[in-house]
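A short write-up of the structure that comes next.
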Amino acid sequence: MNIRDVVGLLGNGAKDVDVRLYFVRKHTNDKYTSYSPTISLKLQNELLDIVKKAMGQVTDVEQREFNPIGSIDGCIEYCKVDKVANFNDILLSTQEDVVVRRPIEAEEIKKLTFYLLKVNIGDNNELLFFRRLTKFNRLSKGGLVGFFQGDDFQKLETDLLGIDPSIDIAVFQEEMLVLNHVALERIFSVQDQYSEKATHTLKIVGQANRIRNFDQFQEDCLNDRRIIRALTKLLDEEERITKCFNENFDNIIQVVDIFELDINFEEGNSALIYENKSQLLDITRLIRDSFYRSLINNREGIDEGV
């Protein structure tokens, strides 16, 4: 994403700007409910200042493609919106015929997950900004929030939501800029998406018929979030899977010997034997070709990407 273009749009002072704020609850069934309160022109400008400053702070930060395994310090990530589960479901919840405009009940306020700020500039420029909400529920458990009115300190009797000076995700021209890796996973239903992709990866692995006790291996993989993430990423590198088991299986045997991995092979070395969960990480690393020997110092090591 060209962040300078986004900052330029936000800061061009155009009069034809429409700002909509939505507070969104993510339900346990991965459905969304959006509330759209009215906001004053002053608050609209303050919200625009928040997102403009937040984007301006990452203008020169290196961008890398979103990696399910984790982000790299000092970098931000990007991906296409069609790669993210439930993105369209959120947008659908903000449509005029379904968005909720009645006052939000106190109990519902506590369940809100994030806010979405829609900024439309002119006819063709729509920007979306997502941020998880800051809640003050803990103060209701014996504490209070108050304010001064003259010399009197008054208790604030309502539930509070906080909008801090940061954003988690920005969307522009069908591309998503992820400033907070964890937020993407919590706002959207990517864990289900990860499981689906990991299952697809395991199907390819199973077809090679190189892992004995494969059914147990598959079950254990799908119950380990770290392994699910690694297998999700591996699906983007499908060629590694086929080469690992079909063309280079002899190299797997050699790597197991060099790195003294606790993995056994059946007689004839035609397949490795999966025995317990302690082997999951090493087998996944074998599939990902994560073991290496450096060219200069002939040093053996492991890519810790998983």
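Figures for the structure shown
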| read-out | value |
| --- | --- |
| Summed residue charge, Cβ within 14 Å of Ser294's Cβ, Lys/Arg positive, Asp/Glu negative | 0 |
| Helix axis angle, 41-56 relative to the chain longest principal axis, alpha carbon, degrees | 30 degrees |
| Per-residue ³J(HN,Hα) for segment 79-86, Karplus 6.51 cos²θ - 1.76 cosθ + 1.60, θ = phi - 60°, Hz, x for Gly and Pro | 6, 6, 5, 6, 8, 10, 5, 6 |
| Nearest-0.05 FRET efficiency for Arg293 and Thr134, computed from C-beta distance (R0 41 Å) | 0.25 |
| Acute angle (nearest 10 degrees) that the helix 249-258 long axis makes with the longest principal axis of the chain, alpha-carbon atoms | 90 degrees |
| Cα-projected label distance for Gln149 with Gln173, points at 7 Å along beta-carbon direction, nm | 5.1 nm |
| Simple label model, 7 Å out from Cα along Cβ direction - Thr242 to Gln95, nm | 4.0 nm |
| Value of [θ]222 nm, deg cm²/dmol, for the chain, DSSP H segments ≥ 4, -39500 (n - 2.57) each, nearest 500 | -9500 deg cm²/dmol |
| Solvent-accessible surface ranking, highest first, for Thr94, Thr242 at 1.4 angstrom | Thr242, Thr94 |
| FRET efficiency for Cys79 and Ile273, using Cβ-Cβ distance with R0 set to 41 Å, rounded to 0.05 | 0.65 |
| Under DSSP loop assignment and at most 15 Cβ neighbours within 10 Å, longest GluC sites (Glu not before Pro)-free interval of the chain | 1-95 |
| Structure-derived Rg and Dmax of the Cα atoms in Å - corresponding label in [x] 24.7, 87; [y] 23.6, 93; [z] 49.0, 146 | [x] |
| In degrees, nearest ten, helix 225-234 long axis to first principal axis of the chain (Cα) | 80 degrees |
| Cross-link reach list, aspartates and glutamates versus Lys203, counting only Cα pairs under 13 Å and skipping chain neighbours closer than eight places | Asp215, Glu219, Glu238 |
| Difference of contour (0.36 nm per residue) and Cα-Cα distance, Ile72 to Glu219 | 50.0 nm |
| Distance violations [Cα-Cα > 29 Å] among Lys111/Lys233; Lys42/Lys83; Lys26/Lys118; Lys83/Lys118 | Lys111/Lys233; Lys42/Lys83 |
| Heavy-atom accessible area per residue - the chain, 1.4 Å, Å² | 57 Å² |
| Cβ-defined net charge surrounding Gln173, 12 Å radius [Lys, Arg +1; Asp, Glu -1] | -3 |
| Heavy-atom accessible surface of segment 151-258: percent carbon and sulfur, 1.4 Å | 39 percent |
| Rounded if a/c under 1.5, otherwise prolate or oblate - segment 231-306, Cα gyration tensor axes | rounded |
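The values are calculated or read from the model by the stated rules, or taken from the named source; none is laboratory data. Given the structure is predicted, the values throughout are model-derived calculations rather than measurements. In this analysis, Cβ positions are derived from the backbone assuming ideal geometry, glycine residues included, and neighbour counts consider all displayed protein chains. For the accessible areas, the whole protein counts, side chains as well, though only heavy atoms, and no ligand, DNA or RNA atoms are used. Shrake-Rupley method; radii C 1.70, N 1.55, O 1.52, S 1.80 Å.
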